[in-house]
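For reference, the structure discussed in these notes is given below.
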Amino acid sequence: MASSLRPSLSSFRLSGASSRFCPSLSFHFPSRRLSVFHFTSAVPLSHSFGLKASRLLRRDGNRMGLMASGNVAQSSTDATPENVLEWVKQDKRRMLHVVYRVGDLDRTIKFYTECLGMKLLRKRDIPEERYTNAFLGYGPEDSHFVVELTYNYGVDKYDIGTGFGHFGIAVEDVAKTVELIKAKSGKITREPGPVKGGSTVIAFIEDPDGYKFELLERGPTPEPLCQVMLRVGDLNRSIEFYQKAFGMELLRIRDNPEYKYTIAILGYGPEDKSAILELTYNYGVTEYDKGNAYAQIAIGTDDVYRTAEAIKLAGGKVTREPGPVPGINTKITACLDPDGWKSVFVDNVDFHKELE
């Protein structure tokens with residue numbers, strides 16, 4: 001069983017375990033002072049909804065222009081469902097970070113910095129709660145998608161399950177990157193080559209805890225940490241949920257009948273310039289074991305109250321009602337999608353105040 005999760009700007013207590021280290025990739029990291037952030041209230045773990053496979057419905061993912069609505073204390077009591085769902089399309093949203101557990105924090109930090117070229121942005125220990133967080137990425141948290149690692153004292157191994165897929169990192173030369181990783185005895189699970197059913201050159205590696213990373217060959221990008229892949233049991237249902245409740249744009253769909261799977265790419269901007277969510281539907285598979293290693297994605301919003309309303313209207317489950325976190329007053333809300341994957345929404349103004 002996983003230990004209870006505790007939020008940290010999107011985080012909730014976390015940890016996993018295993019292998020090797022590698023040379024660094026070269027990236028530019030603008031310097032910025034980052035402050036420590038701690039949520040003191042616990043948030044319940046997710047559970048799975050009943051799943052049913054369905055035919056893929058292709059939808060137009062056009063989003064309206066973003067419009068900041070400010071640091072709203074609460075949503076309007078006379079808001080209609082139509083108004084709330086329309087507001088979601090205009091909300092100023094961005095994927096902030098992805099949270100998961102590891103079994104040896106120092107070992108994982110070493111692997112990510114030496115093998116994957118990430119920078120350790122900040123680290124904080126919460127001894128009274130018996131866990132430590134580390135934030136790593138390719139740039140400051142106020143403008144980049146980053147990872148938040150959590151080590152729970154005394155827990156050195158977690159079950160990743162079958163539902164979590166991988167994280168994606170964009171690099172200019174996949175083959176060269178793989179050679180650098182091999183030089184430090186890093187684990188390569190898929191040698192460089194074109195993706196099945198496509199032409200993009202990719203490779204797969206595993207970190208010391210068994211989390212998979214897909215290396216994607218592409219030109220210079222402002223967001224090297226570029227994707228999170230999760231498996232779902234009904235792709236049509238998931239696309240509709242993430243468009244309505246999360247305001248994501250459906251960027252593209254690719255069906256691979258030869259290999260019996262379909263993927264949908266969703267996000268808040270072009271996939272070559274921003275982090276995206278990749279949902280994978282494997283023909284005939286409607287349920288997955290989520291394990292206890294992967295936790296959630298954090299997303300910024302201008303109004304956590306309206307966000308919670310939209311999630312409920314779109315069929316999601318709110319697991320943490322919107323409101324300020326005791327002690328720091330940062331407003332958050334947490335939810336589950338129809339497959340039971342957790343996400344946390346964080347007030348944009350409060351988020352930037354904490355980082356400043």
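Does Thr286 qualify as being out of contact with any helix residue (DSSP H, G or I) (no Cβ under 6 Å at 6 or more places or on another chain), surrounded by 24 or more Cβ atoms within 10 Å (Cβ to Cβ), touching a residue at least 24 places away in the same chain (Cβ under 8 Å) and not small (Gly, Ala, Ser)? Reasoning before the result, please.
Numbers: out of contact with any helix residue (DSSP H, G or I) (no Cβ under 6 Å at 6 or more places or on another chain): yes; surrounded by 24 or more Cβ atoms within 10 Å (Cβ to Cβ): no; touching a residue at least 24 places away in the same chain (Cβ under 8 Å): yes; not small (Gly, Ala, Ser): yes.
Taking the combined requirement at face value, the residue does not satisfy it.
In segment 160-185, which residues are open to solvent by less than 10 Å² (accessible area, probe 1.4 Å) and part of a loop (DSSP other than H, G, I, E, B)?
The answer is Gly163, and nothing else.
It is to be established whether one or more residues within segment 304-323 are basic (Lys, Arg), over 29 Å from Asn236 (Cβ atoms) and either open to solvent by less than 30 Å² (accessible area, probe 1.4 Å) or touching a residue at least 24 places away in the same chain (Cβ under 8 Å) (or both). Spell out how you get there, then give the answer.
Going through segment 304-323, the residues basic (Lys, Arg) turn out to be 306, 312, 317, 320.
Cutting the leftovers down to over 29 Å from Asn236 (Cβ atoms) gives us none.
No, segment 304-323 contains no residue that is basic (Lys, Arg), over 29 Å from Asn236 (Cβ atoms) and either open to solvent by less than 30 Å² (accessible area, probe 1.4 Å) or touching a residue at least 24 places away in the same chain (Cβ under 8 Å) (or both).
Just to check your reading of the model, which residue among Gly233, Gly300, Gly219 is open to solvent by less than 30 Å² (accessible area, probe 1.4 Å) and in a loop (DSSP other than H, G, I, E, B)?
The conditions single out Gly233.
For segment 236-275, how many residues meet the condition of being open to solvent by less than 50 Å² (accessible area, probe 1.4 Å), more than 19 Å from Ile169 (Cα to Cα) and either modelled with pLDDT of 95 or more or not in a strand (DSSP E or B) (or both)?
Qualifying residue count, segment 236-275: 14.
With respect to Gly291, is the statement that it is open to solvent by 10 Å² or more (accessible area, probe 1.4 Å), on the phi > 0 side of the Ramachandran plot and either under 18 Å from the mean Cα position of the chain (by Cα) or of a type in the set (Val, Ile, Thr) (or both) true?
yes
Hey, Val72 hits all of (1) modelled with pLDDT under 50; (2) more than 30 Å from Tyr261 (Cα to Cα); (3) open to solvent by 60 Å² or more (accessible area, probe 1.4 Å) but one; which does it fall short on?
For Val72, the exception is condition (3).
The values are calculated or read from the model by the stated rules, or taken from the named source; none is laboratory data. Note that the structure is a prediction, hence the values are computed from the model and not measured. Glycine also receives a Cβ, built like all others from the backbone with ideal geometry; neighbour counts cover every protein chain displayed. Accessible surface areas use protein heavy atoms only, side chains included; no ligands, DNA or RNA. Shrake-Rupley method; radii C 1.70, N 1.55, O 1.52, S 1.80 Å.
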